[in-house]
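> There's a structure below that I have some questions on.
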């Protein structure tokens, strides 16, 4: 028996297993099922509210993967950011839960998915990145009326533990500085090891970014490789603090002048074979180039880095180890955290502290040792300064 409702409020009827009803959207019916009258009324109310708010659509509910694709296609992310998201989607989300329809996706699905990724050895930060992608994509799907709630927003995000950053020892640094002397990328390695520039930031530097008279360097872009596109310059910094100006020591300014002179000689030697790089219809005068003037792609830069490590007798480690070493050295040398944060282009000093807590702990240990030394010195001085008994001048002196 069909239960009549006011026009526009939908209808409901009983079935052998419970109840079934529908609400009308744009002349089409959106059906739903329930076991009890109370459940029926609740579901109907939710659908009517969604319809009235323009959030109810008719048709098959999209899958998790389809929903993420729709979000990425409509987003205004940088190409490099979208490519990074695609990596997590293609390698983890799609094979795990990509096939599940949004209207069937549950909290249990997500918690099981995160646990499975962790059991496979995926780091906490990588699992958290998957969660962040799902949370934003499902928020977009809810806004489009494809799902009534954002299930990912109801799940406790995976815990992220900051792993201790790998840094070079003093001995390894000495070996690196020895081996890089005279290298055509010597200034590039110094910028990484002592100023903490990211690989893409170093490779994206242009001669116009240097003021040799003021000894300053402006960091405002990165050279990146995008699959299917090639090399691009990313102008927008990762954070507002990523666009920054650094002060250069005299020796590093001299190294950069040497690089400029070397590049001029390389250009003269190459002649017609010189290949200046153009991006966005403009020639880019990059500081660090190949011998023919072409930009240095990340893969070649990594190869050059590994060769340097091998020559210095150091086990292979990624290029970011140089940046972590620079940060740790600054902190352990008592450079205030605000200055370290600005030099590295971090979002805030708080992020720097959380990222390099091991360096902060080392500095605190040094402070404790210094306090012990000062206490011992005070103790010795106290003993030495005790007033010793003196002999009165009127007293006879006996030998």
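The values are calculated or read from the model by the stated rules, or taken from the named source; none is laboratory data. Owing to the predicted nature of the structure, the values given are computational and were not obtained by experimental measurement. Virtual Cβ from ideal backbone geometry, glycine too; neighbours counted across all protein chains shown.
For (1) modelled with pLDDT of 90 or more; (2) under 29 Å from the mean Cα position of the chain (by Cα); (3) surrounded by 11 or more Cβ atoms within 10 Å (Cβ to Cβ), each residue gets a yes or a no:
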residue: 293; (1), (2), (3): yes, no, yes
residue: 306; (1), (2), (3): yes, yes, yes
residue: 321; (1), (2), (3): yes, yes, yes
residue: 331; (1), (2), (3): no, yes, yes
residue: 344; (1), (2), (3): yes, yes, yes
residue: 348; (1), (2), (3): no, yes, yes
residue: 398; (1), (2), (3): no, no, no
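> State all residues of the stretch 261-277 that are in contact with a helix residue (DSSP H, G or I) (Cβ under 8 Å, 6 or more places away or on another chain) and exposed (fewer than 14 other Cβ atoms within 10 Å of the Cβ); if no residue qualifies, say none.
Within the stretch 261-277, none qualify.
> Quick check on residue 181: is it free of Cβ contacts under 8 Å to residues at least 12 places away in the same chain, within 21 Å of residue 304 (Cβ to Cβ) and out of contact with any strand residue (DSSP E or B) (no Cβ under 6 Å at 6 or more places or on another chain)? Full working, then the answer.
Numbers: free of Cβ contacts under 8 Å to residues at least 12 places away in the same chain: yes; within 21 Å of residue 304 (Cβ to Cβ): yes; out of contact with any strand residue (DSSP E or B) (no Cβ under 6 Å at 6 or more places or on another chain): yes.
Against the criterion (free of Cβ contacts under 8 Å to residues at least 12 places away in the same chain, within 21 Å of residue 304 (Cβ to Cβ) and out of contact with any strand residue (DSSP E or B) (no Cβ under 6 Å at 6 or more places or on another chain)), residue 181 qualifies.
> Right, next: Quick one: count up the residues across the stretch 122-162 that are within 23 Å of residue 315 (Cβ to Cβ) and in contact with a helix residue (DSSP H, G or I) (Cβ under 8 Å, 6 or more places away or on another chain).
The number of residues fulfilling the criteria is 1.
> Restricting attention to the stretch 222-237, and to residues there that are at pLDDT 80 or above and on the phi < 0 side of the Ramachandran plot, which single residue is surrounded by the fewest Cβ atoms within 10 Å (Cβ to Cβ)?
225
> May I pose another question? Condition check: more than 28 Å from residue 316 (Cβ to Cβ) and modelled with pLDDT of 90 or more. Does residue 192 satisfy that?
Details: more than 28 Å from residue 316 (Cβ to Cβ): no; modelled with pLDDT of 90 or more: yes.
Against the criterion (more than 28 Å from residue 316 (Cβ to Cβ) and modelled with pLDDT of 90 or more), residue 192 does not qualify.
> Still on this model: For the stretch 125-140, does any single residue satisfy the condition of being modelled with pLDDT of 85 or more, part of a helix (DSSP H, G or I) and farther than 30 Å from residue 235 by Cα?
Checked the stretch 125-140: no residue is modelled with pLDDT of 85 or more, part of a helix (DSSP H, G or I) and farther than 30 Å from residue 235 by Cα.
> Considering only the stretch 202-221, I want to know if a residue exists there that is modelled with pLDDT of 95 or more, under 13 Å from residue 345 (Cβ atoms), out of contact with any strand residue (DSSP E or B) (no Cβ under 8 Å at 6 or more places or on another chain) and in the same structural domain as residue 278 (by TED's automatic domain parsing).
Yes, the stretch 202-221 contains at least one residue that is modelled with pLDDT of 95 or more, under 13 Å from residue 345 (Cβ atoms), out of contact with any strand residue (DSSP E or B) (no Cβ under 8 Å at 6 or more places or on another chain) and in the same structural domain as residue 278 (by TED's automatic domain parsing).
> Still on this structure, please answer the following. Which of the following residues is in the same structural domain as residue 260 (by TED's automatic domain parsing), on the phi > 0 side of the Ramachandran plot and surrounded by fewer than 20 Cβ atoms within 10 Å (Cβ to Cβ): 182, 196?
182
> Of all residues being outside any loop (DSSP other than H, G, I, E, B) and out of contact with any strand residue (DSSP E or B) (no Cβ under 7 Å at 6 or more places or on another chain) in the stretch 20-36, which is modelled with the highest pLDDT? Just the residue, please.
That would be 24.
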